[in-house]
Amino acid sequence: MATTTTTTTHSLLLLTTILLHLSTTATAIGVNYGTLADNLPPPSQVANFLKTQTTIDSIKLFDVNQDIIRAFANTGIYVSVTVPNGEIPSLTNMRIARRWVNTNIKPFYPQTKIKYICVGNEILHWGGKDLIFNLVPAMRVLHRALVRAGFNDIKVTTPHSLGILQMSVPPSQGRFRYGFIKPVLAPMLKFLRETKSPFMFNPYPYFGYSPNQANYVLFRPNRGVHDKYTGITYTNMFEALIDATYSAMKAIGYGDVGIVLGETGWPSLGEPFLTQCTVANAVQFNGHVANLVSSGKGTPLMPNRKFETYIFALFNENQKPGSIAEKNFGLFRPDFSPVYDIGIMRNGRQVNYALFRCNGFLSIGKETDPYNIYTRSINMVSLCTQITSFWFWHLKQYSYETFTQTTPAAGKKWCVPRADASEQALKSNIDYACSQGVDCNPIQAGGACFDPNNIKSHAAFVMNSYYQSHGRNDFNCDFSHTGVLSTSDPSK
């Protein structure tokens, strides 16, 4: 292994250690665990992975998959299950509802911490009249069946798309569709208030994306959208959609009912014309969401509160119908490698000083954060500045500077693309590695490793940089089976 003796190097490493120590906080959040794929790991492995490797503290299922429910027993992770849409009418019958509870809840609770039963999914958006008008009666009967069984802590709710809103702009004037209020939403909110259960809805700024609103949708600096009725200027669509839904609830007298955000997310890959579907945008959006909902900041109309939130989705799902984007909402690949990290890995680092080797030099990479270091780490930076402002400045000067020459140790390995890896897979690898702290400036035009200018060469650089800086374990070069270890230096 190469060594250095320069004072500069020791100073840099010392401050890097300080910064990493100060930036190891992680965010607890929920995820939607979809199963429309033919390559997913067994539920027992998923449960162990989430418990031991992540700070995910709750999952939401789109069915009542008993293998998954059983696998999460004694993990401490909350589980929400979903009644299939087609079963809703039958659950208005108490006998059938009690049988449903005895089959799907009683064998697993309380060993598995079942938190919510979602009666259907987005029924007011997708369901026919039979489902819509039986929805609230089924919720009431299922609640009574749970109480009879002694399961008083399990709450009954149902997730909604924001198609339930007639108006969402400006947020203070958010209103439900008139035809849904009297027959469905008012009695549903009354039931939720009575049972202390939350109103669950799915705010997806992704579906409201347009190029001229990209910054507003993705939490980037922008002029904002002004609500003339409140004087509030919203700088992101996510908060605006939450407040619009709250305003609609308040307008019909139920502003006191709790709120759970059942789904939100952003795809990391899509068709070529869906240029917004990138790893960078997924990191930007989901990272800010995770930070916002857990920070206690709240929204302009609901300040100083946290929002229980479920990111969509846990895994990429290769059999999900629809576009490529629909298949690529996952935080993880089926082999548990992160598509990107939004601060949910245990002992994960929000700030990485990535080391990379290019043309024989070892460089320390620019500080990177999955979703804008300033907004995520401003308190950490302030504290570091108070502790050692000079050395923080000094490190900043050396970010992306070559500071010492190294000689590779005998037996060293390099991570390179497999010969049969597709360009699309290699592009995904580049996006992933660049989002995880690898400094990718050298492969940009004018960079030291820009030439030869082709995907395979650039992928070789970033894949090896990731491997070298993330532990040098064999699995650090897996990249969904598109990477392979080599004993030949690819830069020679």
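The values are calculated or read from the model by the stated rules, or taken from the named source; none is laboratory data. Keep in mind that what you see is a predicted model, and the values were worked out from it rather than measured. Cβ coordinates were reconstructed from backbone atoms using ideal geometry, including for glycine residues, and neighbour counts include every protein chain displayed. Please note that ligands, DNA and RNA were not included when accessible areas were found on the heavy atoms of the full protein model with its side chains. Shrake-Rupley method; radii C 1.70, N 1.55, O 1.52, S 1.80 Å.
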Q) Consider residue 238 against the criteria (1) under 24 Å from residue 214 (Cβ atoms); (2) assigned to a loop (DSSP other than H, G, I, E, B): it satisfies all of them except one. Which criterion is unmet? A) (2)
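Yes/no per residue for (1) over 20 Å from the mean Cα position of the chain (by Cα); (2) aliphatic (A, V, I, L, M); (3) more than 24 Å from residue 132 (Cβ to Cβ); (4) part of a helix (DSSP H, G or I):
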site: 44; (1), (2), (3), (4): yes, no, yes, yes
site: 47; (1), (2), (3), (4): no, yes, yes, yes
site: 57; (1), (2), (3), (4): no, no, yes, no
site: 69; (1), (2), (3), (4): yes, yes, yes, yes
site: 75; (1), (2), (3), (4): yes, no, yes, no
site: 82; (1), (2), (3), (4): yes, no, no, no
site: 95; (1), (2), (3), (4): yes, no, no, yes
site: 101; (1), (2), (3), (4): yes, yes, no, yes
site: 106; (1), (2), (3), (4): yes, no, yes, no
Q | Candidates 461, 479, 475, filtered to the one that is hydrophobic (A, V, I, L, M, F, W, C) and assigned to a loop (DSSP other than H, G, I, E, B) | A | 479
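Evaluate segment 187-200: report whether one residue or more is open to solvent by 70 Å² or more (accessible area, probe 1.4 Å), without any contact (Cβ under 8 Å) to a residue 40 or more places away in the chain and in a helix (DSSP H, G or I). So that I can check it myself, show each step before the final result.
Applying the first criterion (open to solvent by 70 Å² or more (accessible area, probe 1.4 Å)) to segment 187-200 yields 190, 193-194, 196.
After this cut, where a residue has to be without any contact (Cβ under 8 Å) to a residue 40 or more places away in the chain as well, the list is 194.
From the residues that got through so far, the ones that are in a helix (DSSP H, G or I) too are 194.
Yes, because at least one residue in segment 187-200 is open to solvent by 70 Å² or more (accessible area, probe 1.4 Å), without any contact (Cβ under 8 Å) to a residue 40 or more places away in the chain and in a helix (DSSP H, G or I).
So is residue 219 part of a loop (DSSP other than H, G, I, E, B) and closer than 20 Å to residue 312 by Cβ or not?
Yes: the conditions hold for residue 219.
Going by what's in this entry, would residue 300 be described as open to solvent by 40 Å² or more (accessible area, probe 1.4 Å), in contact (Cβ under 8 Å) with a residue 60 or more places away in the chain and not polar (S, T, N, Q)?
Yes: the conditions hold for residue 300.
Scan segment 39-88 for residues that are among the β-branched types (Val, Ile, Thr) and either in contact with a strand residue (DSSP E or B) (Cβ under 7 Å, 6 or more places away or on another chain) or at positive phi (or both) and jot them down. Show your work before the answer.
Let us first name the residues in segment 39-88 that are among the β-branched types (Val, Ile, Thr), namely 46, 52, 54-56, 59, 64, 68-69, 75, 77, 79, 81-83, 88.
The answer is 54, 56, 59, 64, 68, 69, 77, 79, 81, 82, 83, 88.
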Q: Hey, can you tell me all the residues within segment 121-143 that are without any contact (Cβ under 8 Å) to a residue 40 or more places away in the chain and either touching a helix residue (DSSP H, G or I) at 6+ places or on another chain (Cβ under 8 Å) or under 17 Å from residue 186 (Cβ atoms) (or both)?
A: 123, 125
**Q.** Hits in segment 207-221 (condition: closer than 17 Å to residue 261 by Cβ and open to solvent by 20 Å² or more (accessible area, probe 1.4 Å))
**A.** 207, 208, 219
**Q.** From the options 197, 172, residue that is in the same structural domain as residue 85 (by the TED database) and under 29 Å from residue 111 (Cα atoms)
**A.** 197
**Q.** Unique match (being surrounded by fewer than 18 Cβ atoms within 10 Å (Cβ to Cβ) and at positive phi) among 128, 150
**A.** 150
Q: Considering only segment 436-473, state which residues are aliphatic (A, V, I, L, M) and in contact (Cβ under 8 Å) with a residue 24 or more places away in the chain.
A: 438, 448, 455, 459, 460, 462, 463
